[in-house]
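Take a look at the structure below.
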């Protein structure tokens, strides 16, 4: 039997996001970008050991960091039809950086938890 090198629905690069609050992290793209949680594995210690979230046509894999790991930053660039609408749906998330016109006709913004 031949195994596909890239499973259906995935791309060549699938980012992992290491978080201290993966459940909250999953809530944000669901609210702002209509993301869909497609998998969650919770360990005996109630930490999320693995999750998969589909945002548009891409999948990210967040999980809770073990308590002894240092904080690990993560940045994702999302391309959306209406950046202003996505930011309006961020529902109480901390606004870190303004959206403005940027090189290459992009409208960047940054939101934190």
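The values are calculated or read from the model by the stated rules, or taken from the named source; none is laboratory data. Quick caveat, the model's predicted, so the values are computed rather than measured. Here Cβ is always computed from backbone atoms with ideal geometry, including for glycine, and neighbour counts include all displayed protein chains.
Of the residues that make up region 54-65, is at least one part of a strand (DSSP E or B), more than 12 Å from residue 18 (Cα to Cα) and either over 14 Å from the mean Cα position of the chain (by Cα) or at pLDDT below 85 (or both)? Give the steps one after another, and end with the answer.
So in region 54-65, the residues part of a strand (DSSP E or B) come out as 54-55, 58-64.
Now narrow it down to the ones that are more than 12 Å from residue 18 (Cα to Cα): 54-55, 58-59.
Within this subset, residues satisfying the condition of being either over 14 Å from the mean Cα position of the chain (by Cα) or at pLDDT below 85 (or both) are none.
No, region 54-65 has no match at all.
When you scan region 1-53, how many residues do you find that are without any contact (Cβ under 8 Å) to a residue 40 or more places away in the chain, more than 13 Å from the chain's Cα centre (by Cα) and either exposed (fewer than 14 other Cβ atoms within 10 Å of the Cβ) or on the phi > 0 side of the Ramachandran plot (or both)?
Result for region 1-53: 16.
Based on what the data block shows, is residue 59 over 30 Å from residue 82 (Cα atoms) and either surrounded by 19 or more Cβ atoms within 10 Å (Cβ to Cβ) or in contact with a helix residue (DSSP H, G or I) (Cβ under 8 Å, 6 or more places away or on another chain) (or both)?
Taking the combined requirement at face value, the residue does not satisfy it.
Return the total of residues in region 19-50 being in contact with a helix residue (DSSP H, G or I) (Cβ under 6 Å, 6 or more places away or on another chain) and part of a strand (DSSP E or B).
Qualifying residue count for the region: 3.
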